[in-house]
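Just below is one structure, and these are the notes that go with it.
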Amino acid sequence: MAGLRRSGAAIALLALAAGCSAPAPAPSAVPNIAAAPQPAIAPGEIAAPAAPDPAAPAGPCTGDTLDVSATPVRPDGDAGVQELVFRNTGPAACVLDGYPGVSFVAGNEGTPVGARAAIDGPRAQVRLEPGRAATATLRVTATESYPAGDCDPREVRGIRVAPPGGTGGRFVPRPGPVCAAEPDPPQATVASVVAR
């Protein structure tokens with residue numbers, strides 16, 4: 001009889017211990033540790049930058065992101081004509097607005113000589129995407145076409161060109177004589193930019 005009482009007590013203790021243990025979590029309570037697969041990037045690989053938005057507003061072209069050059073001078077009557085070329089070397093679009101500023105310069109210091117080029121023709125605006133170019137026509141009348149007293153010829157090294165509607169200036173070689181005075185009509189005229 002005593003043996004049965006001990007067996008009954010042992011069974012009761014086992015049932016009590018089972019009732020006190022923590023219940024197993026429900027299947028819904030187990031966190032889902034599986035994640036969606038991510039695109040693999042090879043070691044050393046850099047993600048490509050987003051393409052520029054062609055509809056985004058563009059600021060003025062500046063000397064830092066603009067290459068300025070000129071085509072060879074071609075004769076045209078009593079003048080020499082060449083195209084000033086503006087190429088966008090920056091990563092984003094920019095705008096050229098109107099006429100470039102053009103001055104003749106002499107000496108290593110770039111001393112201005114004579115009057116700035118007068119503007120000629122209708123004004124235009126050009127949006128330059130990266131790598132694209134626009135041009136403006138520069139026309140310079142020969143110094144010998146003016147009376148010496150009205151011209152006062154001086155030798156120059158070239159021209160300094162400021163981008164239309166922007167900032168900064170670039171030197172472009174164009175050696176030769178120009179008028180240090182301000183003859184009438186103006187010796188140099190420059191047209192507005194046009195898309196190339």
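A few comments on the model shown:
- Answer residue from region 125-165, given it is over 20 Å from the mean Cα position of the chain (by Cα) and among the hydrophobic types (A, V, I, L, M, F, W, C) and is surrounded by the most Cβ atoms within 10 Å (Cβ to Cβ) among those: I159
- Per-region count, region 100-124, residues over 13 Å from G169 (Cα atoms) and among the hydroxyl-bearing types (S, T, Y): 1
- Contacts under 7 angstrom Cβ, first residue in region 172-187 being among the polar types (S, T, N, Q), partner surrounded by 17 or more Cβ atoms within 10 Å (Cβ to Cβ), 6 or more apart: Q187/G114; Q187/V140; Q187/T141; Q187/V178; Q187/C179
- Every pair of residues 6+ apart whose Cβ atoms lie under 9 Å, when the first sits in region 62-79 and is in contact (Cβ under 8 Å) with a residue 12 or more places away in the chain while the second is of a type outside the set (A, V, I, L, M, F, W, C) and in a helix (DSSP H, G or I): D78/E144; D78/S145; A79/S145
- Scan of region 158-177 for residues that are in a strand (DSSP E or B) and under 25 Å from L96 (Cβ atoms), ordered by number: G158, I159, R160, V161, A162, R170, F171, V172, P173, R174
- Selection status of Y146, aromatic (F, W, Y), modelled with pLDDT of 95 or more and farther than 23 Å from G63 by Cβ: yes
- The residues on offer are G59, G77, G110, G114, and the sole one that is exposed (fewer than 14 other Cβ atoms within 10 Å of the Cβ), small (G, A, S) and over 16 Å from the mean Cα position of the chain (by Cα) is G77.
The values are calculated or read from the model by the stated rules, or taken from the named source; none is laboratory data. Note that the coordinates shown come from a computational prediction; the quantities given were computed from them, not determined experimentally. Cβ atoms come from the backbone with ideal geometry, glycine included; neighbour counts cover every protein chain shown.
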